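Beneath this line is the structure, given in structure tokens, with notes to follow.
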Amino acid sequence: MPPHVHRAAAPGNPSRGGRRRDPAADHAILQAALALLGEGCSYADLSMDLVAQRAGVARATVYRRWRNKEDLVLAALGSLDLPVPQLEGLPLRDKLVALVDQIRHRGQDTLLHRLLAGLVGEAARRPHLVERFEETVVAQRRRAFEQALSEGIESGELRADLNVDQAIEMLTGPMLSRLILRQRPVDSAAFAQSVVDVFLDGTRSRPGR
């Protein structure tokens, strides 16, 4: 596994009224939410009361930390995510392979994998929840893709007219589709390498273009 960098704080509320938060209560609440979701409790059926009961804390303790169920679920999912790999000094291809392949490590045969599959099921009913998941839990990873691709454009390695947003979709889509939608395992980094190589074949800058 590549060296880790610091992870951005999970979405949630800062402590209110200057009171120092108890990290043990934070952990218990997040673990309770994850346990309930992992046991098959749907997002619709999950409630702050259920989480408080499972965590063994008062309902007010949960609300002091997270304003609502959406914030709590996003924080719980964020607590399972892997930090973005260290990419500094790597060639463009290696950066992209590391980022694409980490989707395999974070999304295969893990609790996060199973919960993400459930989140996909909520997409039609609660698109805002999925949007916020992208804006919070995966934001740091998306910025790493954006930086790697932008540096590739600036160096002349990638086409100047490359649409970075579409490029990220092309790079991440195959792995997410295989793991989350099709539920098929990926045994090694070879799949990520093939995705990146196909992408680069169509996006590298070429003389005369």
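Apply the Karplus curve 6.51 cos²θ - 1.76 cosθ + 1.60, θ = phi - 60°, to the phi angles in segment 133-148 and return the couplings in whole Hz, x for Gly and Pro.
Whole-Hz 3J(HN,Hα) from phi for segment 133-148: 4, 5, 6, 10, 5, 9, 4, 5, 5, 5, 4, 5, 4, 4, 5, 4.
How high is the relative contact order of segment 109-209, in percent, with contacts defined as C-alpha pairs under 8 Å that are six or more residues apart? List each step's numbers first, then the result.
On the way: 46 pairs, mean separation 27.2, N = 101.
Reported as a whole number, the value is 27 percent.
Under 5 Å between amide hydrogens, which residues at least 5 positions from S205 or on another chain qualify, with H placed 1.01 Å from N in the peptide plane?
L158, R159
If you average the sequence gap of Cα pairs under 8 Å that are 6 or more apart and divide by the length of the chain, what percent do you get for the contact order?
Working: 208 pairs, mean separation 47.8, N = 209.
Normalised by residue count, the contact order of the chain is 23 percent.
Looking at the chain, identify the longest residue range that excludes and avoids all GluC sites (Glu not before Pro) in DSSP loops having at most 16 other Cβ atoms within 10 Å. Please list the in-between numbers first.
Details: sites that count: E39, E88, E157.
Longest run free of exposed loop sites: 89-156.
I'd like the carbon and sulfur percentage of the solvent accessible area for the chain, probe radius 1.4 Å, heavy atoms only, ligands and nucleic acids excluded. If you can, show how the numbers build up before the last one.
On the way: 5750 of 11210 Å².
The computed percentage sits at 51.
Taking every alpha carbon pair in the chain, what does the distance histogram look like in 5 angstrom bins from 0, in percent?
Binned Cα distances yield the sequence 1, 7, 14, 17, 17, 14, 11, 8, 6, 3, 1, 1, 0, 0.
Hey, can you find the accessible area per residue of segment 64-182 for me, probe 1.4 Å, expressed in square angstrom?
Details: 5570 Å² over 119 residues.
That works out to 47 Å² per residue.
Taking square-rooted eigenvalues a ≥ b ≥ c of the alpha carbon gyration tensor, is segment 132-209 rounded, prolate or oblate, where a/c under 1.5 means rounded and, failing that, a/b exceeding b/c means prolate? Please report the intermediate quantities before stating the final value.
Details: a/c = 2.54, a/b = 1.41, b/c = 1.80.
Oblate is the answer for segment 132-209, as a/c is 1.5 or above yet b/c matches or exceeds a/b.
The values are calculated or read from the model by the stated rules, or taken from the named source; none is laboratory data. All of these numbers come straight from a predicted model, not from anything done at the bench. Positions of Cβ are backbone-derived with ideal geometry, glycine not excepted, and every protein chain shown enters the neighbour counts. Protein only, heavy atoms only, side chains kept; ligands, DNA and RNA dropped before computing areas. Shrake-Rupley method; radii C 1.70, N 1.55, O 1.52, S 1.80 Å.
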